[in-house]
Ligand code: FES
């Protein structure tokens, strides 16, 4: 466990149970997931039971209890994107990166996920890498898009 790192995160808060979600967000941002040992420290310092922490961590999709890659790839499989080739994009990414949706590459660079509508249906099919949107992301564009993050 990285004690100085978790201490630095917790030092930004007053230490009440109301700080739980922002603390978890900071941990997620820094580690790309919520490590168990760090969560035990959070439970102790914020006086929140582990069951409550796991409840919050599993309720919000922004949190992950398993390590994620440096870059999060989200491919939209909402209705419009599905009809316009979203599945083919997922297959192409999976083939290129050697990973199934829901998993992370062995080098921890990419996590591939499928999501519901990203709210940009006019640009379908849509995918995101981290905070960057890629509209009309046909299979032919996948290599170029991925290259930007390698
Ligand atoms: S269905 Fe993909 S952005 Fe709406």
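The values are calculated or read from the model by the stated rules, or taken from the named source; none is laboratory data. Values in this document were obtained by computation on a predicted structure and should not be read as measured data. All Cβ positions, glycine included, derive from the backbone under ideal geometry; neighbour counts span all protein chains shown.
Summary table below
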{"item": "Single condition residue 50 does not satisfy, out of (1) surrounded by fewer than 15 Cβ atoms within 10 Å (Cβ to Cβ); (2) more than 23 Å from residue 136 (Cα to Cα); (3) modelled with pLDDT under 95", "result": "(3)"}
{"item": "The stretch 19-33, residues that are at pLDDT below 95 and part of a helix (DSSP H, G or I)", "result": "28, 29, 30, 31"}
{"item": "Residue within the stretch 89-110 that is buried (at least 18 other Cβ atoms within 10 Å of the Cβ), closer than 28 Å to residue 23 by Cα, modelled with pLDDT of 95 or more and not assigned by TED's automatic domain parsing to the domain that holds residue 16 present", "result": "yes"}
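Residues are listed down the side, and each one gets a yes or a no for (1) closer than 22 Å to residue 72 by Cβ; (2) in the same structural domain as residue 130 (by TED's automatic domain parsing); (3) within 23 Å of the chain's Cα centre (by Cα):
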position: 10; (1), (2), (3): no, no, yes
position: 14; (1), (2), (3): no, no, no
position: 17; (1), (2), (3): no, no, no
position: 32; (1), (2), (3): yes, no, yes
position: 37; (1), (2), (3): no, no, yes
position: 43; (1), (2), (3): no, no, yes
position: 49; (1), (2), (3): no, no, no
